[in-house]
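Below is one structure, written out as structure tokens, with a few remarks after it.
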Amino acid sequence: MHRTHTCGELRLEDLNEKVTLAGWVQRVRNKGGLVWVDLRDRYGITQLIFEEGEVEASMLKEAGALGREFVVQAEGTVIERTAKNDRIPTGDIEIRVSRLEVLNKAKVPPFIIEDDTDGGEDLRMKYRYLDLRRNVIREKLHLRHKMMQETRKYMDAKNFMEVETPVLIKSTPEGARDFVVPSRIHSGEFYALPQSPQTFKQLLMVSGFDRYFQIVKCFRDEDLRADRQPEFTQIDCEMSFVEQEDILEIFEGMIRHLFKAVKGVDLEEVARMTYADAMRLYGNDKPDLRFGMPFIDLTAEAQGKGFNVFDNAELVVGICAGGAAEYTRKQLDELTNWVKRPQIGAKGLVYVKCHVDGTFKSSVDKFYSQDDLKDWAEKAGAVPGDLLLVLSGELQATRKQLSELRLKMGEALGLRDKFTYKPLWVLDFPLLEWDEETSRFHAMHHPFTSPKKEDIPLLDSDPGKVRANAYDLVINGVEIGGGSIRIHDKETQKLMFKHLGFTEAEAQSQFGFLMEAFEYGAPPHGGIAFGFDRLCAIFGGSDSIRDYIAFPKNNAGRDVMINSPSIISGEQLEELSIAILEKKDK
Ligand code: ASP
């Protein structure tokens, strides 16, 4: 063994012990006759001391010349420090070194390997293995590790069996593009990487596995955002002989277990809301419930008073920002400009200040009397000192805009504390979603989701109205999981494919295996999958999932450390019978 102890281990109780440590040089302080070296490993930092008279001059010199990140081994005796450091657990002791060996030298690192580093994101990603030496990053991966272990513990205790499913498969539609892998042996044919193990986990139910889970990599070729990676990890689950309620209960239990075991937090009861209510009250299918500020429909009150903008709108809707009546002209102008940005797309913003003296001041005073505004305020439950912010226009677009404004106001008023957790089940999602671009319906969740029985007749008459047995788990406005009760009979599955615009032949060629399996005794089943990286980010209080992935891709989908994706050789292409038509400009 290169060491008897780690660098985080020794305390006053170990005084006079002969020890050997090994690790990286964090810092050297050279005072001539006295040299201190901070030695670091995964477990902590221990101070080494080299003192003139106590060690040979050559060793003193060698210690003083150690560079940052040199890998060294030091043998010596544990002594009590004269100047103690109460910021680190080993701060009462130091090691009087009797033998020093440089195990490996290191080039000067491209950035400082400390909690506060001078390295920018790009540089840190290029040298991610050095970035990972930093405590702050390692702690994030440790959190991830704990979440994984606790997930497995809970699932195992509930009788779930972890089964691996293949990575080289054929397309599973989850709404994104597939990453494909060319086959050398079957020239001209391709595997697809799983967007999720959806069909396999359903087949495992047909096999009688009853309770399945897997912590699994999924791959989706879609536009990247801060909380998306082309490859990401899911806690993927499926159960047989269950109804929606059983699934909600088991997985509420899982989330509660994780919060307790990993963070020591007793998670409050998971609230429930239908999709329709979420859209009506928050304009969003993943509402952030750390604060209220629900939408107030003012259409009836606002129309018919001569204000054209409102009269011509499908929806007039507002929020009540508590205590914000003092907002200045400048702040209101800023908000107005903010909602008018193309990313939000509102035409304008109407405000009503509810003054403490009981009067109202609005941007539409020309059209509305004090009594009118009082009606609005009453409907909104506004009290003196509050500010109403009102948008209008086409229903869906206006809801979306106001949802953005609500989140912004929540942020501005300090209502989105990242260590307050508000979990929510959103239920009864629509089965289908109209897609303007392709002018047809898409499965809102995926094509294997079962419609609510009572809504099946609507499939022909009003497909957009059909509700699904589908649910999402949302925490603090972030969708962290989603699933559904599945279709488990061939006829309903065929009907579903038909409504999604598949010809019978297409459905057969892509999903014939699943429909056939349904003919061999498929149990009723359902499941859910959680975005594991997102869950870790929520637990860690970070907006970026990248922090919780050891080797993430950057926001252009590149791994800048290994330089991937990259071109492959002509021979490789030839072996795969692939010709590159044109190289698209980046
Ligand atoms: N496969 C689904 C997804 O990845 C989850 C599920 O329905 O279980 O979103």
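Using a probe of 1.4 angstrom and keeping all protein chains present, the accessible surface of the range 1-69 works out to 54 square angstrom per residue. Whole-Hz Karplus values for the range 350-357 come out as 9, 10, 10, 8, 9, 5, 5, 7 Hz, taken residue by residue from phi with 6.51 cos²θ - 1.76 cosθ + 1.60 and θ = phi - 60°; glycine and proline positions read x. In the chain, Cα pairs under 8 Å separated by at least six residues give a relative contact order of 13 percent.
Within a straight-line Cα-Cα reach of under 28 Å, residue 453 can be paired with the following lysines, leaving aside sequence neighbours fewer than 8 residues apart in one chain: 201, 286, 465, 490, 494, 498.
For the range 451-586, with all protein chains in place and a probe radius of 1.4 Å, 52% of the accessible heavy-atom surface sits on carbon or sulfur. With a ≥ b ≥ c taken as the square roots of the eigenvalues of the C-alpha gyration tensor of the range 1-142, please select rounded if a/c is under 1.5 and otherwise prolate if a/b is larger than b/c or oblate if it is not? Because a/c hits 1.5 or more and a/b exceeds b/c, the range 1-142 counts as prolate.
The dipole here belongs to the range 444-567: it is taken about the Cα centre, uses +1 on the Cβ of Lys and Arg and -1 on the Cβ of Asp and Glu, and is about 200 debye. What shape does the chain have by the C-alpha gyration tensor, where a ≥ b ≥ c are the square roots of the eigenvalues, rounded means a/c under 1.5, and otherwise prolate means a/b greater than b/c and oblate the rest? Oblate.
Placing a label point 7 Å from the Cα of residue 554 along the Cα-to-Cβ line, the residues of the range 92-128 whose backbone N sits under 12 Å from it are 120-128. Straight-line reach from residue 418: which aspartates and glutamates have Cα under 13 Å away, leaving out those fewer than 8 places along the same chain? Within the straight-line limit of under 13 Å, residue 418 reaches these aspartates and glutamates: 288, 543.
About its Cα centre, the range 280-393 has a charge dipole of approximately 380 debye under the convention of +1 per Lys or Arg Cβ and -1 per Asp or Glu Cβ, with nothing else charged. Ordered from largest to smallest accessible area (heavy atoms of protein chains, 1.4 Å probe), the residues 102, 37 come out as 102, 37. Subtracting the Cα-Cα distance of residue 246 and residue 504 from 0.36 nm times their residue separation leaves 89.5 nm of extension gain.
Can you compute the FRET efficiency between residue 435 and residue 146 using 1/(1 + (r/R0)^6), with r the Cβ-Cβ distance and R0 = 45 Å? Round to the nearest 0.05. Once the sixth-power term is evaluated, E becomes 0.65.
Between residue 83 and residue 520, full extension at 0.36 nm per residue minus the direct alpha carbon distance yields a gain of 149.8 nm. Peptide packing: for 537-545, 154-162, the average count of neighbouring Cβ atoms within 10 Å per residue gives the ranking 537-545, 154-162, highest mean first. Short-range pairs are left out: with C-alpha atoms under 8 Å and at least six residues apart, the relative contact order of the range 7-82 is 42 percent. Rounded if a/c is under 1.5, else prolate if a/b is larger than b/c, else oblate: which is the range 288-388, with a ≥ b ≥ c the root eigenvalues of its Cα gyration tensor? In terms of gyration-tensor shape, rounded. A dipole drawn for the chain from +1 and -1 charges on Cβ atoms has a positive end, and of 102, 43, 1 the residue lying farthest that way is 102.
Taking label positions 7 Å along the Cα-Cβ direction at both residue 129 and residue 161, the computed distance is 4.0 nm, reported to one decimal. Legend: calculated FRET efficiency, residue 383 to residue 544, from the Cβ-Cβ distance at R0 = 30 Å, rounded to 0.05, equals 0.20.
Per residue, the range 408-525 exposes 46 Å² of solvent-accessible protein surface, assessed with a 1.4 angstrom probe and all protein chains in place. Toward the positive end of the charge dipole of the range 201-315, with +1 on the Cβ of Lys and Arg and -1 on the Cβ of Asp and Glu, the farthest Cα among 218, 242, 264 is that of 264. Measuring with a 1.4 angstrom probe and ignoring ligands and nucleic acids, residue 75 comes out at about 60 Å² accessible. Computed over protein heavy atoms with a 1.4 Å probe, the carbon and sulfur contribution to the accessible area of the range 1-74 reaches 49%.
These residues, 184, 124, go from largest to smallest accessible area, 1.4 Å probe, as 184, 124. For residue 519, the accessible surface of its heavy atoms amounts to roughly 110 Å² (probe 1.4 Å, protein chains only, rounded to the nearest 10). Residue ranking by accessible heavy-atom surface, 1.4 Å probe, largest first, among 445, 2 comes out as 2, 445. Residue 233 sits with roughly 10 Å² accessible to a 1.4 Å probe, with DNA, RNA and ligands left out of the calculation. Across the accessible surface of the range 158-305, with the other protein chains kept in place and a 1.4 Å probe, carbon and sulfur atoms take up 49 percent. Rounded to the nearest 10 degrees, the inclination of helix 135-157 to the longest alpha-carbon principal axis of the chain is 60 degrees.
Shown is the FRET efficiency for residue 569 and residue 139, computed with R0 = 45 Å from the Cβ-Cβ distance and rounded to the nearest 0.05: 0.65.
Taking every protein chain into account, the accessible area of the range 123-237 amounts to 50 square angstrom per residue (probe 1.4 Å).
Relative protection proxy for 103-115, 567-579, from highest mean packing down: 103-115, 567-579 (other beta-carbon atoms within 10 angstrom). Compared with the direct C-alpha span, the chain from residue 183 to residue 418 gains 80.0 nm at full extension, assuming 0.36 nm per residue.
The values are calculated or read from the model by the stated rules, or taken from the named source; none is laboratory data. Keep in mind it's a predicted model, so treat the numbers as computed, not measured. Please note: Cβ atoms are built from the backbone with ideal geometry, for glycine as well, and neighbour counts cover all protein chains shown. To get the accessible areas, we keep the full protein, side chains included, count just its heavy atoms, and leave off ligands, DNA and RNA. Shrake-Rupley method; radii C 1.70, N 1.55, O 1.52, S 1.80 Å.
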